[in-house]
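A.B. asks: If you scroll down you'll find the structure; I have some questions about it.
Each reported figure results from applying straightforward, stated rules to the coordinates on display, with no laboratory input. Every value quoted in this text rests on a predicted model; they were computed, and no experiment measured them. All Cβ positions, glycine included, derive from the backbone under ideal geometry; neighbour counts span all protein chains shown.
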Amino acid sequence: MRKFVRFLFVLFAIGLAYMIWLVISLFRAPDMSKVPAYYPFKSAKKMELYLNYYDTRAKQWPVASEAKYIQTSYGKTFVRISGPADAPVLALLPSASASSLIWIPNIKTLSQSFRVYAIDNISDFGRSINSRVIKNSDDIAGWLDELFTAMGLVDKYYLRARQENDAFTFESISRAQEYLTKALELEGDNPLLAFGMAESYLNLSYLDIQKSSENIIKADDYLARALAKDPALPEAHALTGIIESQIKGNQREAIRHFRIALAANPVEPIALCYLAKTYLMFIGRISASIPLHEKLKEVDPQNWGNKTIPGDMEFYSGRYDKAVDSWGAAFRANPQDPAYSYAYSLALIYAGRQEEAFSLINKNATLTPDYYLTVASVLLKAALQGDRQKVATIMISDFSSVCRRDCGISHIAAAAMAQLGEKRQALDWLQNAVDRGFWNYPFLEKDPLLKNLRDESRFKAILEQARKEWESVED
């Protein structure tokens, strides 16, 4: 009896072991090095049957399309592309147990407005074939990352966002952020995309002074994300240089970041442009800006810096009439851009053509009332007209904090107060400008709008501080 019970126990153990092996074998991923040519189908005949059905149904695709396979390390992915080549990109994934053909009822409408990429999942129905085991959602994310990179979708979103950021309007920056958000959804953390978001928030900080501080914080956050992923990213260092120069008032740190960017990429246009402008506007080293401008013209002829740097050179050399000619030409070519308009109006004021400047400033105040340079020009206009109430109203608004952090705008505030004869306030703002990095000693020494301050002992001390800083900066 004991032998029989033992026999039954052994038999049960063998049976249990076989059942466990059978279950594991059913659910275990196949050895991808040994799969037959008809994988993932059970036979060549069943593969032919399914693909014939697939192709017959594909004939119902109602618009012109291009079909292609895109190779990834997870296998080859089938993609059907429809819609205008220059339209915004839309990637379509099917639901579970379906292929890209599920979009047949929608594709006609979608492809009128989008460049549509309809994708067969790598491990589901359709023409895509995996060459690696897809174990979990991380594998799916990895496959999509490789796929979208190979398709160039992330690059397309990024380049479109850069174009929209350069357009420099609320509407264009909103579109830029939409493109970048879509790209981040596809790619996950990506240093270039994080840089693009940082650039968009920095632009918003200029356009909307009421939310300036909030947007600068967001720009800093995205820059930190970009540099965490790629500590040497040239674009991120260039943008950091702008923030250090114009927002944080640290010209030496700004120059350091610009140089890091150019060491990594000697033709990085943002670094070339803004290092040249930093030398011109805040440091007063025109000779140091010339080779940077020459390189910028060579590598990026359409860069906005090429339209403004010549005027910068004339203005900060004291040749205001020539600055009017240079900045005037840039403005007439870009009449809707508030930065060109501001530069032109400033040159007109310094050249003694105030009425022309005032007319332009009035237009800007209507078109871009919250743009920080527009408010700066309105402030200077009010001071030149002796409108103390207007000046006081501006200086108790959010614009005051912009003046406090931005050395160039702080200089404009000093000039405005000097025109009103408010010498103490003018010197306060001038001191702040120099403390925040406005070290352009040659310009300050001869600035006609600060003429009535030159006999003040405090002015002389501030000018001496600027001279020492100016002399200490290396080209």
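A.B. asks: Could you give the radius of gyration (one decimal) and Dmax (whole number) of the Cα atoms in segment 71-217, in Å?
C.D. replies: 17.6, 54
A.B. asks: For ALA67, enumerate residues with amide H under 5 Å from its amide H, sequence gap 5+ or separate chain, H modeled in the peptide plane.
C.D. replies: ILE81
A.B. asks: How far, in nm, would the chain grow between LEU93 and LEU367 when pulled straight, counting 0.36 nm per residue and subtracting the alpha carbon separation? It would help to have the intermediate numbers written out before the result.
C.D. replies: On the way: separation 274, 0.36 × 274 = 98.64 nm, distance 4.26 nm.
That pair, LEU93 and LEU367, stretches by 94.4 nm at full extension.
A.B. asks: Sorted from fewest to most neighbouring beta carbons within 10 Å, what does the list THR278, THR109 look like? Can you show the working numbers first?
C.D. replies: Working: THR278 25, THR109 11.
By the 10 Å Cβ count, ascending, the order reads THR109, THR278.
A.B. asks: Give LYS322/LYS451; LYS322/LYS363; LYS68/LYS182; LYS156/LYS322; LYS307/LYS460; LYS108/LYS182 a once-over and call out the pairs whose C-alpha atoms are over 30 Å from each other.
C.D. replies: Listed pairs above 30 Å: LYS156/LYS322; LYS307/LYS460.
A.B. asks: Right, another one. Rank the residues MET151, MET395, MET281 as a footprinting-exposure proxy: fewest other Cβ atoms within 10 Å of their Cβ go first.
C.D. replies: Numbers: MET151 20, MET395 16, MET281 23.
Lowest count first: MET395, MET151, MET281.
A.B. asks: Along the Cα→Cβ direction, 7 angstrom out, place labels at GLU178 and ALA224. What is the inter-label distance in nm?
C.D. replies: Between GLU178 and ALA224, the simple spin-label model gives 3.0 nm.
A.B. asks: Moving to a separate point now. Just the projected area, averaged over all directions, of the convex hull on the alpha carbon atoms of the chain: how many nm²?
C.D. replies: Here the figure is 33.9 nm², rounded to one decimal.
A.B. asks: Equivalent-ellipsoid semi-axes (√(5λ), Cα gyration tensor) for segment 154-270, whole Å, largest first?
C.D. replies: On the way: eigenvalues 85, 64, 29 Å².
The answer is 21, 18, 12 Å, longest axis first.
A.B. asks: By average Cβ neighbour count within 10 Å, what is the ranking of 416-426, 401-411 from highest down?
C.D. replies: Values: 416-426: 18.9, 401-411: 21.7.
Those peptides, ordered most packed to least, come out 401-411, 416-426.
A.B. asks: Mean Kyte-Doolittle of at least 1.6 and a Cα length of 27 Å or more along the axis: which whole DSSP H helices of the chain meet both?
C.D. replies: 2-27
A.B. asks: Provide the gained length on full extension for the span MET395 to GLN112, in nm with one decimal, where the gain is 0.36 nm per separating residue minus the Cα-Cα distance.
C.D. replies: Between MET395 and GLN112, full extension yields 96.8 nm more.
A.B. asks: Now for a different question. From zero outward in steps of 5 Å, how is the percent of C-alpha pairs of segment 212-281 spread across the bins?
C.D. replies: 4, 20, 28, 25, 17, 5, 1
A.B. asks: Run the numbers for GLU445 and ALA264: contour at 0.36 nm per residue of separation, minus the present Cα-Cα distance, in nm.
C.D. replies: Details: separation 181, 0.36 × 181 = 65.16 nm, distance 3.68 nm.
Value of the extension gain: 61.5 nm.
A.B. asks: Compute, for the chain, the length of the dipole vector about the Cα centre, with Cβ point charges of +1 (Lys, Arg) and -1 (Asp, Glu) only. Units Debye, rounded to 20. Could the numbers behind the result be given before it?
C.D. replies: On the way: 56 positive and 55 negative charges, 382 e Å.
With Lys and Arg at +1 and Asp and Glu at -1, about 1840 debye.
A.B. asks: Then there's this: Go through 75-82, 458-465, 366-373 and give me the packing order, highest mean Cβ count within 10 Å leading. Walk me through the numbers on the way to the answer.
C.D. replies: Values: 75-82: 20.5, 458-465: 16.0, 366-373: 17.5.
Those peptides, ordered most packed to least, come out 75-82, 366-373, 458-465.
A.B. asks: To two decimal places, what compactness ratio does segment 307-414 give when its Cα radius of gyration is scaled by 2.2 N^0.38 Å?
C.D. replies: For segment 307-414, the normalised Cα radius of gyration comes out at 1.01.
A.B. asks: Per DSSP H run of at least 4 residues, take -39500 (n - 2.57); add these up for the chain, divide by its residues and hand me the 222 nm value, nearest 500 deg cm²/dmol.
C.D. replies: After summing the helix terms and dividing by residue count, I get -20500 deg cm²/dmol.
A.B. asks: From the backbone phi of segment 115-130, what are the Karplus-calculated ³J(HN,Hα) couplings (6.51 cos²θ - 1.76 cosθ + 1.60, θ = phi - 60°) in whole Hz, Gly and Pro given as x?
C.D. replies: So the Karplus estimates, Gly and Pro as x, are 8, 9, 10, 8, 10, 8, 4, 5, 10, 9, 4, x, 9, 5, 9, 7 Hz.
A.B. asks: Using only the alpha carbons of segment 194-329, what is the convex hull's orientation-averaged projected area in square nanometres? Don't skip to the end; give the middle numbers.
C.D. replies: Details: hull surface 32.8 nm².
Its Cα hull, projected and averaged over all orientations, spans 8.2 nm².
A.B. asks: List every residue whose amide H lies under 5 Å from the amide H of SER131, counting only residues 5 or more places away in sequence or on a different chain, with H placed 1.01 Å from N in the peptide plane.
C.D. replies: GLY75, LYS76
A.B. asks: I've got another one for you. Would you please calculate the Kirkwood hydrodynamic radius of segment 44-136 over all C-alpha pairs and express it in Å, rounded to one decimal?
C.D. replies: 13.8
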